[in-house]
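Here's the structure, in structure tokens; my notes come after.
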Amino acid sequence: MIKIRQEAPSDISAIKKVNDAAFGQENEANLIHTIRKSPSFVPELSLVAENEEIVGHILFTKITIETENGSEVPSLALAPMAVKPEFQKEGIGSQLVREGLKRCREHGYDSVIVLGHPEFYPKFGFVPASTKGIKPPFTVPDEVFMLIELKSGALDEAAGVVKYPPAFMNV
């Protein structure tokens, strides 16, 4: 039985191990560590999946969309999301995304941006960000840069470029 809950300080080393194992490198764990120390960190939106141990983690971080008219629209970035390799393909990642999006709504956030697998995220309602005129600050295929509106119409006037916190520039 998998339980999804907010991370606790005692989970930090287990979260690092999950991300290192899932991604085969330390970049994502280093990203999480840097975000935790930044104003972009939302502790309530750093979630773990556990049974007897931590087997998954998802993080939502504050970002903005710099619109074409010069305003900034607040949003969240979903990154990273990881499940230990031996627990993948069991629906844990889907549980993390569903619960994470639910908590994002509960905390008053209107949208989430993700750079991720185009065959995974659309099942939760993510669509290419380009459908709202929203672009990444770097070159990636259109189908991997996606968004979901947690509040209908939240991004109708948000055409522009996503601005990530400095921590993301080191990944």
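Residue pairs whose Cβ atoms lie under 6 Å apart, separated by 6 or more positions or on different chains, with the first residue in the stretch 1-26 and touching a residue at least 12 places away in the same chain (Cβ under 8 Å) and the second basic (Lys, Arg), are Val18/Lys84; Ala21/Lys84. Taking Val97, is it more than 26 Å from Ser71 (Cβ to Cβ), open to solvent by less than 20 Å² (accessible area, probe 1.4 Å) and of a type in the set (A, V, I, L, M, F, W, C)? In short, yes.
Mind checking whether some residue in the stretch 117-130 is basic (Lys, Arg) and open to solvent by less than 50 Å² (accessible area, probe 1.4 Å)?
From the stretch 117-130, those basic (Lys, Arg) are 123; that's our starting set.
Next cut, open to solvent by less than 50 Å² (accessible area, probe 1.4 Å) only: none.
No, the stretch 117-130 has no match at all.
Checking every residue in the stretch 61-70 against the condition of being outside any loop (DSSP other than H, G, I, E, B), under 15 Å from the mean Cα position of the chain (by Cα) and under 17 Å from Ile15 (Cα atoms) gives at least one match. Among the residues of the stretch 1-50, those identified as basic (Lys, Arg) and within 22 Å of Met169 (Cα to Cα) are Lys16, Lys17, Arg36, Lys37.
Filtering the stretch 28-52 down to residues that are polar (S, T, N, Q) and within 21 Å of Val112 (Cβ to Cβ), which residue is least open to solvent (accessible area, probe 1.4 Å)? Among those residues, the one meeting the criterion is Ser46. The residues on offer are Leu155, Leu147, Leu78, and the sole one that is in contact with a helix residue (DSSP H, G or I) (Cβ under 8 Å, 6 or more places away or on another chain), assigned to a loop (DSSP other than H, G, I, E, B) and open to solvent by less than 70 Å² (accessible area, probe 1.4 Å) is Leu155.
The values are calculated or read from the model by the stated rules, or taken from the named source; none is laboratory data. These numbers come from a predicted model, not from an experiment. Every residue, glycine among them, receives a Cβ derived from its backbone with ideal geometry; neighbour counts consider all protein chains shown. Side chains included, ligands, DNA and RNA excluded: accessible areas come from the protein's heavy atoms. Shrake-Rupley method; radii C 1.70, N 1.55, O 1.52, S 1.80 Å.
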